Amino acid sequence: MKGKTKTEVGTMSMYLFKKKITKITLGIFLAGLIAGLCFTILYPVIQLVPTIFSDIEDLGNPNIIWLPLNFSAVSFKAAVRFILPDGWMTMVKSILYASSIIVIQIFFAAMAGYSLARVKFPGSKLVFFLVILVFLVPQQSLLLSQYIYFNHFNAFGLLKLFTKAGEINLINKPITLYLFAILGFGVKHSLFIFIFSKFFLNIPKELEEAAQIDGCGFYRTYFKIMLPNAVPAISTVAVLSFVWNYGDTYYTNYFNPDGPYLSTILSTTFNSANKDFVVNAVKTWFGLPLATDFAFDAVKQAGVLIFLIPLLIIYFIAQKWLVENLENSGLVG
């Protein structure tokens with residue numbers, strides 16, 4: 001402070017003090033805001049603890065607020081018996097189904113997105129508009145036509161060459177869900193095409209020009225140059241596709257209701273019409289004659305938590321990777 005007057009030193013000290021107070025106040029405010037948001041988000045999960053981990057006969061006790069009086073795993077045991085009829089293989093089958101749909105959707109969405117981004121043909125803008133339109137149109141408005149089409153599936157009349165009837169019924173057949181993904185009508189498929197299209201638009205054309213100079217044709221350029229560079233878009237689509245297909249109940253309920261999908265089993269088993277059945281089953285299985293209707297909610301919430309296990313694992317593994325790739329995937333920017 002050498003060379004400065006006392007007034008200047010006092011003014012500087014006051015400025016630094018106010019700046020420090022402002023920084024501390026802002027930090028406290030942000031910490032309180034983040035804590036409040038975290039509590040708001042986690043509150044439903046916290047509420048599950050006294051419900052899922054309580055003894056079935058203690059459910060509904062007004063004295064139980066945050067912690068159970070008696071810890072018990074009966075709700076989980078009952079949920080496993082209800083939603084995992086084949087044991088953990090039921091979950092494995094659901095994971096395998098969602099994983100196979102991921103591969104199909106990435107394969108076709110990436111090709112469609114690349115074509116819309118790089119190939120200029122008459123009506124290309126109209127096709128892109130139709131892709132966006134399919135995403136915006138409610139699924140329910142297409143249900144009747146889709147159901148009739150697969151109920152009387154004739155593959156554009158080609159089946160007349162192989163069958164006497166000229167059509168087959170694909171309702172309640174697993175292949176129907178795969179056909180949806182192949183034909184571009186899978187869960188959020190049009191959104192995935194949009195993501196790939198926006199991503200490929202951001203890749204410099206010099207890469208393709210260099211590949212063409214080296215003798216690569218259109219398809220070789222796509223598979224050898226463009227697709228390997230689309231890892232951010234592929235990872236984003238893979239995570240979103242798994243989450244949406246693993247938890248899908250719309251297509252599975254209408255087109256393959258008897259399939260071994262955990263989401264379908266969960267929604268069907270814990271339908272409100274089955275409340276008495278679930279409660280009576282818990283009473284019989286575990287010898288709990290005093291179980292009330294609260295047992296239905298406890299077992300249902302335990303089943304939901306079991307259902308979420310693969311999604312939580314993916315979240316903790318892929319969250320950082322996914323956030324880092326979002327900017328280059330076409331979703332933002």
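With protein chains left intact and a 1.4 Å probe, residues in the chain average 60 Å² of accessible area per residue. In percent, rounded to a whole number, the relative contact order of region 155-243 is 21, using alpha-carbon pairs under 8 Å and six or more apart. Near Trp285: Cβ cut-off under 12 Å, other residues only, Lys/Arg at +1 and Asp/Glu at -1. The net charge is +3. For region 51-87, the list of chymotrypsin sites (Phe, Trp or Tyr not before Pro) that fall in a loop by DSSP and count at most 15 other C-beta atoms within 10 angstrom reads Trp66. Among the listed pairs Lys93/Lys224; Lys173/Lys224; Lys77/Lys173; Lys198/Lys224, which have their C-alpha atoms separated by more than 25 angstrom in this model? Over 25 Å apart, Cα to Cα: Lys93/Lys224; Lys173/Lys224; Lys77/Lys173. Look at the Cα gyration tensor of region 84-174: its axes a ≥ b ≥ c give a/c of at least 1.5 with a/b at or below b/c, and that counts as oblate. Applying 1/(1 + (r/R0)^6) with r as the Cβ-Cβ distance of Ala155 and Tyr15 and R0 = 56 angstrom yields a FRET efficiency of 0.10.
Positive contributions from Lys and Arg (+1) and negative ones from Asp and Glu (-1), summed over other residues with Cβ under 13 Å from the Cβ of Pro260, come out at -1.
Around Ser75, with a cut-off of 13 angstrom between Cβ atoms, what is the net charge of the other residues, counting Lys and Arg +1 and Asp and Glu -1?
Values: positive: Lys77, Arg81, Lys300; negative: Asp55, Glu57, Asp58, Asp297.
Net of charged neighbours comes to -1.
Between Ser124 and Ala318, the FRET efficiency estimated from the beta carbon spacing at R0 = 30 angstrom works out to 0.35. Annotation: extensible slack from Ser100 through Phe185 equals 29.1 nm (criterion: 0.36 nm per residue apart, minus Cα-Cα distance). Shape verdict for region 177-293, please, from the Cα gyration tensor: rounded (a/c under 1.5), prolate (a/b greater than b/c) or oblate. Because a/c hits 1.5 or more and a/b exceeds b/c, region 177-293 counts as prolate.
Shape of the chain from its Cα gyration tensor (a ≥ b ≥ c, root eigenvalues): rounded if a/c is under 1.5, otherwise prolate when a/b > b/c, or oblate? Taking the square roots of the gyration eigenvalues as a ≥ b ≥ c, the chain is oblate. Sorted into 5 angstrom bins from 0, the C-alpha pair distances of region 231-320 split as 2, 12, 18, 17, 16, 13, 10, 6, 3, 2, 1, 0 percent.
Using Cα pairs under 8 angstrom and six or more residues apart, how large is the relative contact order of the chain, in percent? That works out to 24 percent.
Highest GNM mean-square fluctuation among Ser54, Ser241, Ser145, for the chain modelled with Cα contacts below 10 Å: Ser145. For the listed peptides 300-308, 263-271, a ranking on the average number of other beta carbons within 10 Å per residue, highest first, reads 300-308, 263-271. Positive end of the dipole of region 105-240 (Cβ unit charges, origin at the Cα centre): among Ile171, Gly215, Phe200, the Cα lying farthest that way belongs to Ile171. For Ser54, the residues whose amide H sits under 5 Å from its own are Ser72, ignoring neighbours fewer than 5 places away on the same chain, with H placed 1.01 Å from N. With 0.36 nm allotted per residue and the present C-alpha distance subtracted, the Leu201-Leu144 stretch has 17.0 nm of extension available.
When only alpha carbons are used to place a centre, region 277-298 and region 302-321 end up 28 Å from one another.
The values are calculated or read from the model by the stated rules, or taken from the named source; none is laboratory data. This one's a predicted model, so the numbers in the text were calculated from it and none came from an experiment. Glycine gets a Cβ as well: all are built from the backbone with ideal geometry, and neighbour counts include every protein chain shown. Accessible surface is based on the protein model in full, side chains and every heavy atom, while ligands, DNA and RNA are left aside. Shrake-Rupley method; radii C 1.70, N 1.55, O 1.52, S 1.80 Å.
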